[in-house]
Amino acid sequence: MRRRNITNSDKSAKHKSVKKSHKVKHPHGHKGDGGGNISHGPSRAVSTSPAPSEIPIDSEVQWDTYMFFTIPCYHGTVVREEAEEALKNNGDFFLRREEKNGKFEYILSAKHDDAFHHLILNRSPQGCFIKKERMFSRPEDCINFYANSGFPIDGTTVILRTPVDQPSYYLNSENIEIKRKIGEGAYGEVSEAVMRRHDGSFVKVAVKNLKGFSTKADRDEFMKEFRFMNQFEHQNIVRIYGVTANSTPMMMVLEMCYGGSLNSYLRKNPLPYKHLIKYCTDAARGMCYLSSRDVIHRDIAARNCLLGGKDDVKISDFGLSVISKEPVKAGKAQKIAIRWCAPETLETGYFQMKTDVWSYGILMWEIFNHCQSDPFPGKTNAEAKELIKSGDKPLELPKDVPSNVEKCYSYCLFKEASYRPNFVEILKFLSPREIPPIPEEVRKSIAAKALAKNDSKKLSISKKESRR
């Protein structure tokens, strides 16, 4: 059986139509665009004939600007642990890069005999190589040789069998045109841009640029946030299209939320309670979706909510978020937004789902006060901290808010975390007829518990009646 070559794309018009003879595997469990209508770079040729050689890559500049992106099994910046998660079967392999001592190393990761192997792709004036015994003109020539010959990589027992293609969420920076800066994020600028889709159409997007002189830790955190967000697909969560992991600077591409941040919008636009309740309900729906997947956001606030084209509130900014069923302690260097923090977080440093519920209550306060100030206006952070720790409901809503809103708000701000509702209950307060956006298995679990509770009540009544 002949194996396919791992080649750079032929950009000429006569090679636009190329059939793929293999099944594409996408690692990491990410969804990418889902619809498959985003262009992820030039078409990737699949052939069994040798690709033409090019000038050997022997300098730092040539190596770092080489079009690795067009190699189908190149995954960009991936750390060792994530690489091993993506290699499911013996013979699986892909090319990645990892930063060490301020420089990128290009690494061929493979699984062989149930063990993981990470082999550095070296370079010299003569070409590139894994072992000096065998030199190649280009990275893909090296990979093709070992993948197609069935020989073990020189000096090892590793045999390459199945290339794991780059994830569908990788975007080609050449298809993204930055228009104007619209804000500043934790990692760098946020810009409005236009992205060309695979079908030739265009869509407006928001782009987060990583700062040009970022550290390895910054880049790791940037990719961590991207991979975190890429798990979610919900109308009240900011949609992510993909990332340009091999460009400088790195770019995260998200849906364009035309209303901007919720706090900026509400400051400029006084709205009736009907609209404000809708915004609270949207945020509750988004948090219901996240909490059902064990996400602790840790930074719920109006500044981290965006308004989409249909006037929907969308939860954003997952830089501090974690997935955990258990309480999570804040890191020593982590900045805590004191005015949105639950009392137990201020006392112990721990976050959990019910601390998100407290922060959601503070978000309700922001919304019904049109974000005219941060919570606890006129107070220092130290004074706000003492008020939060002093007892239930340290802030009051306007007196004329609807009773169900007031009740929901009060419950969210119980000092005792166990008394606070979960986000399914919050959504029921604000939208009683709505079915919460939770996974089917969670829904079945809730139904089973309710049924068991009902059966227990019936058994108790039956026992009482039998005693009479």
*How many residues does segment 184-205 contain that are under 20 Å from the mean Cα position of the chain (by Cα) and either modelled with pLDDT of 90 or more or not aliphatic (A, V, I, L, M) (or both)?*
12
*List every residue pair whose Cβ atoms sit under 9 Å apart, with the two residues 6 or more apart in sequence or on different chains, where the first one lies in segment 87-101 and is without any contact (Cβ under 8 Å) to a residue 40 or more places away in the chain and the second, anywhere, is of a type in the set (Asp, Glu) and surrounded by 15 or more Cβ atoms within 10 Å (Cβ to Cβ).*
ARG96/GLU82
_Being under 29 Å from SER247 (Cβ atoms) and either part of a loop (DSSP other than H, G, I, E, B) or in contact (Cβ under 8 Å) with a residue 24 or more places away in the chain (or both): is that true of TYR106 here?_
yes
*Residue check, MET195 against (1) in contact with a His (Cβ under 6 Å, 6 or more places away or on another chain); (2) assigned by the TED database to the domain that holds MET250; (3) of a type outside the set (Asp, Glu), all met but one. Which one?*
(1)
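Results for (1) more than 30 Å from HIS234 (Cα to Cα); (2) at pLDDT below 80, shown as yes or no for each residue.
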| residue | (1), (2) |
| --- | --- |
| ASP374 | no, no |
| LEU395 | yes, no |
| CYS408 | no, no |
| TYR411 | no, no |
| PHE423 | no, no |
| PRO437 | no, no |
| ASP455 | yes, yes |
| SER462 | yes, yes |
*Has segment 225-233 got any residue that is in contact with a strand residue (DSSP E or B) (Cβ under 6 Å, 6 or more places away or on another chain), closer than 23 Å to HIS297 by Cβ and among the polar types (S, T, N, Q)?*
yes
*Name the single residue, out of those in segment 120-143 being out of contact with any helix residue (DSSP H, G or I) (no Cβ under 8 Å at 6 or more places or on another chain) and assigned to a loop (DSSP other than H, G, I, E, B), that is surrounded by the most Cβ atoms within 10 Å (Cβ to Cβ).*
ARG138
_When residues of segment 313-334 are limited to those that are within 15 Å of LEU254 (Cβ to Cβ) and charged (D, E, K, R), the one surrounded by the most Cβ atoms within 10 Å (Cβ to Cβ)_ = LYS314
_If LEU306 satisfies all but one of (1) in contact with a Cys (Cβ under 8 Å, 6 or more places away or on another chain); (2) in a helix (DSSP H, G or I), what's the number of the condition it fails?_
(2)
*helices (runs of 4 or more DSSP H) wholly inside segment 318-437 containing at least 2 residues that are of a type in the set (A, V, I, L, M, F, W, C)*: 353-368, 381-390, 403-412, 423-430
*In this structure, is LYS385 on the phi > 0 side of the Ramachandran plot and assigned by the TED database to the domain that holds LEU363?*
no
*Hand me the list of strands (runs of 3 or more DSSP E) wholly inside segment 177-281 holding 3 or more residues that are surrounded by fewer than 18 Cβ atoms within 10 Å (Cβ to Cβ) and of a type in the set (Gly, Ala, Ser).*
none
*Just for segment 147-175: of the residues that are at pLDDT 90 or above and closer than 18 Å to PHE68 by Cα, which one is surrounded by the fewest Cβ atoms within 10 Å (Cβ to Cβ)?*
ALA147
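The values are calculated or read from the model by the stated rules, or taken from the named source; none is laboratory data. A quick note: this is a predicted structure, and the numbers were derived from the prediction, not measured. Here Cβ is always computed from backbone atoms with ideal geometry, including for glycine, and neighbour counts include all displayed protein chains.
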